[in-house]
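Asks: Next up is a structure, given as structure tokens.
Every read-out reported here was derived from the displayed coordinates using simple, explicitly stated rules and does not represent laboratory data. Treat the numbers as computed from the prediction; the structure is a model and nothing was measured. Every residue, glycine among them, receives a Cβ derived from its backbone with ideal geometry; neighbour counts consider all protein chains shown.
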């Protein structure tokens, strides 16, 4: 890996080129010294864009230029955003933008971790205030050996897939999964990855010593101490009281009324301070909740740190969906539906590492009513994409292979209520919906979100966190898996970092919680249903000789179109001769199968066929035994007695049974009609012996 700075993008506050093999990413950072007017939060935006020219491609579509970010680009941008956001100073509110361009791609190494490390390096050498130097790596495990930044080919054989970021002394972000791996193996992978992060951080520090800039002076955003004191006086102990109210709506309404009361009371003395008052109350609320957990070991809904909320499961909720489930944990509820499709429903992807298809998808939706709010709906948000990808990854290891289950699977999770851990509810509901649909998954998957409250050496790990505990806490650690092992993890840290020992404890608690949830799920539906929904398509798979594909398709697709039109089934043919026939109507599928088999059928010696006379000559007739399959019926094989003219026995279009006598080396098929006719006096006049001599 090579870091370079000073040649490109010199007007940015910081710019670094990271090269790994022939893959190159340019990472830049720009920031304002003055706070953004009207913003009471840190206005940071992170972008990751893949240029088509990086892989020698021209974008598809009408406009032939890069458009809206793909799902991969969105996820990569989130992966960079999550570890760097907590490391900016709390009082810095200057608008900051980190942009990453993939400018070369060798189609062997993924560039997302290069952009993550490049952003850490650009921030380190820039004059933008940033507290720690960070870097990122990808960790895989092939044949029992950990691999740093594995290639795409290695990842296909890897049973662990982790992207992580951190500083020299702590881990800041983890995203990935595994094929039912143990918690111990995950910890070992994280330790392996952190060891390599330390090496990268050391090299970035060397680059910083060569060309790093002095951090600029900025205008800090502070709240007048007098206003802060007045708000504290007016609140008194009310926040402590409200945080002991278990119900989310009642607790939120009480705090909202209190804030309105304070804003109105201080309107004259502190005009236009509504946002400042809200920020003061937010910080006091955070301190109150954290103190309650650390000192009393009681959470805002009255639970103990290890306690899980009540769980209910309901399957077959939607009458026409192929599979459905409603999973409710406390005040978090997901309605999950599974749809079974065919090869035609696969998603086609055109990415820098090549074109591919995707036959398994999970889509997550988070409408505003799920949290009792109103807001405009303008397409799928980054958060929805990220949560959907996490849940999709969690269920991937238990999805059956295409060879054993040739369906395209789409899972949709609509969050109807949310008070923490809605992505994990999507995992649990998705697992139940798959089983309800009759998808032969190998095991049920459950997920749990773990939290953390940390003050110096006082640490409390929380199981099944609420939305407020996620917001005010120091960690959001999601773990999914079967009873056998972990399938996905995602960890975000809101403090400077986290050591391995705390992560070990969190993983152990998550394991116990996962088994508890699986027990509840298995009590509802212990295994997948034996039959698919009556509304799901039936898929028939047959194998044909690849040389016969052209005959099935026909000139200009004429033959396959006629089969589809006549039967109503859909047909997909692969280059290896695999034919997938799909139809909701089972009879239509069988009819299409019979048509295809008739087209590709090879004549067999001794077999009887229904023949149609297609041509008559002086010495015999050409008989069609099936599509593209003709045979020669000699005049001597028409009747047991001597026939003078062929027309005396058959005419064009006549139908009768014929038997294949033999197939000559040149492929010519010789038929017999008289072999199937009775002979006066019994027997067949030595016909069997003649056929045997002919075959010899």
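Asks: With both bridge residues required to lie in the chain, what share of the DSSP beta bridges run antiparallel, to the nearest 5%?
Replies: Percentage antiparallel, nearest 5: 90.
Asks: Follow-up question, since we're still on this one. Any idea what angle helix 586-600 forms with the longest principal axis of the chain, computed on alpha-carbon atoms, 0 to 90 degrees, nearest 10?
Replies: That works out to roughly 60 degrees.
Asks: Still on this structure: What whole-number value in cubic angstrom gives the convex hull volume per residue for the C-alpha atoms of segment 79-123?
Replies: It comes to 73 Å³ per residue, whole-number rounded.
Asks: Alpha carbons only, please: Rg and Dmax for segment 62-155, in angstrom.
Replies: In Å, with Rg to one decimal and Dmax whole: 15.8, 48.
Asks: When the Debye formula is applied to the Cα atoms of segment 373-489, each taken as the same point scatterer, what base-10 log of I(q)/I(0) results at q = 0.15, 0.17 Å⁻¹?
Replies: At q = 0.15, 0.17 Å⁻¹ the computed log10 ratios are -0.74, -0.90.
Asks: Tell me, what is the percent relative contact order of the chain, built from C-alpha pairs under 8 Å that lie six or more residues apart?
Replies: Once divided by the residue count of the chain, the mean separation gives 10 percent.
Asks: Round to the nearest 0.05 the FRET efficiency obtained for residue 298 and residue 458 when R0 = 22 Å and r is the Cβ-Cβ distance. List each step's numbers first, then the result.
Replies: Details: r = 15 Å, r/R0 = 0.67.
Step by step, r from the Cβ atoms, then E = 0.90.
Asks: Hey, what's the Kirkwood Rh for segment 358-431 if you take every pair of different alpha carbons, in angstrom?
Replies: Values: mean 1/r = 0.0758 Å⁻¹.
After inverting the mean inverse Cα-Cα distance, the result is 13.2 Å.
Asks: With all pairs of different alpha carbon atoms counted, what Kirkwood hydrodynamic radius in Å does segment 190-332 show? Write out the running numbers ahead of the final one.
Replies: On the way: mean 1/r = 0.0491 Å⁻¹.
Here the Kirkwood hydrodynamic radius works out to 20.4 Å.
Asks: Now, a different point. May I ask you to sort 590, 335 by Cβ crowding, counting other Cβ atoms within 10 Å and putting the fewest first?
Replies: The most exposed by this proxy come first: 590, 335.
Asks: Which value, to two decimals, describes the C-alpha radius of gyration of segment 202-253 once divided by 2.2 N^0.38 Å?
Replies: So segment 202-253 has a normalised radius of gyration of 2.25.
Asks: What whole-number value in cubic angstrom gives the convex hull volume per residue for the C-alpha atoms of segment 1-81?
Replies: 154 Å³
Asks: Put a dot 7 Å past each Cα toward the Cβ at residue 634 and residue 614; how far apart are the dots in nm?
Replies: A separation of 2.2 nm, rounded to one decimal place.
Asks: Any idea what diffusion coefficient segment 2-211 gets from Stokes-Einstein, in µm²/s, Kirkwood Rh on alpha carbon pairs, 10 °C, 1.306 mPa s?
Replies: Translational D for this selection: 89 µm²/s.
Asks: Let me ask something else about it. If each residue's Cβ is checked for other Cβ atoms within 10 Å, how do 68, 538, 238 rank with the fewest at the top?
Replies: Final ranking by Cβ density, sparse to dense: 68, 238, 538.
Asks: Convert 4 °C to kelvin, take the viscosity as 1.567 mPa s, use the Kirkwood radius over C-alpha pairs of segment 514-623 as Rh, and evaluate the Stokes-Einstein diffusion coefficient in µm²/s, rounded to a whole number.
Replies: So the translational diffusion coefficient is about 75 µm²/s.
Asks: Compare the peptides 609-617, 262-270, 46-54 by average per-residue count of other Cβ atoms within 10 angstrom and give them in order, highest first.
Replies: Top to bottom by mean Cβ count within 10 Å: 46-54, 609-617, 262-270.
Asks: Can I ask one more? Binning at 10 angstrom from zero up to the longest distance, how are the C-alpha pair distances of segment 106-259 distributed in percent?
Replies: 10, 26, 19, 17, 21, 7, 0
Asks: Here's another thing I want to ask about it. Which whole-number percent is the relative contact order of segment 301-353 (Cα, under 8 Å, 6+ apart)?
Replies: 24 percent
Asks: Another question about this same structure. Determine, for each peptide in 212-221, 341-350, the mean count of other beta carbons within 10 angstrom over its residues, then list the peptides with the highest first. Write out the running numbers ahead of the final one.
Replies: On the way: 212-221: 13.5, 341-350: 15.2.
For the peptides 212-221, 341-350, the packing ranking is 341-350, 212-221.
Asks: Oh, and also: How would you order 91-97, 253-259 from highest to lowest mean count of nearby Cβ atoms within 10 Å?
Replies: On the way: 91-97: 19.3, 253-259: 15.0.
Most protected by this proxy first, the peptides run 91-97, 253-259.
Asks: Compute the semi-axes of the equivalent ellipsoid of the chain, taking the square root of 5 times each eigenvalue of the Cα gyration tensor, and list them largest first in whole Å.
Replies: The equivalent ellipsoid of the chain has semi-axes of 67, 30, 22 Å.
Asks: Mean 1/r over all different Cα pairs, inverted: what Kirkwood radius does segment 538-600 give, in Å?
Replies: Roughly 11.3 Å, rounded to one decimal.
Asks: Could you tell me how many degrees, from 0 to 90 and to the nearest 10, lie between the Cα long axis of helix 248-265 and the main elongation axis, the longest principal axis, of the Cα atoms of the chain?
Replies: Approximately 40 degrees, to the nearest 10.
Asks: In bins 10 Å wide, starting from 0, what share of all Cα pairs of segment 230-296 does each bin hold, as a percent?
Replies: 20, 53, 23, 4
Asks: Now for a separate question. With labels modelled as points extended 7 Å from the Cα through the Cβ direction, what inter-label distance (nm, one decimal) is found for residue 527 paired with residue 36?
Replies: 5.4 nm
Asks: With angles folded into 0 to 90 degrees, how steeply does helix 500-524 sit against the dominant principal axis of the chain? Use alpha carbons for both and round to 10.
Replies: That helix lies at roughly 50 degrees to the long axis.
Asks: Measuring from the lowest to the highest alpha carbon on each principal axis, how far does segment 578-664 reach, largest first, in angstroms?
Replies: Sorted from largest, the Cα extents of segment 578-664 read 54, 25, 19 Å.
Asks: Beyond 15 Å, how much of the Cα-Cα pair distribution for segment 283-351 remains, as a whole percent? All intermediate terms of the calculation are to be shown ahead of the outcome.
Replies: Values: 1661 of 2346 pairs.
Across segment 283-351, Cα pairs with separations above 15 Å total 71 percent.
Asks: Whole percent per 5 Å bin, from 0 to the bin with the longest distance: what is P(r) over all C-alpha pairs of segment 311-524?
Replies: Distribution as computed: 1, 7, 15, 19, 19, 15, 11, 8, 3, 1, 0, 0 percent.
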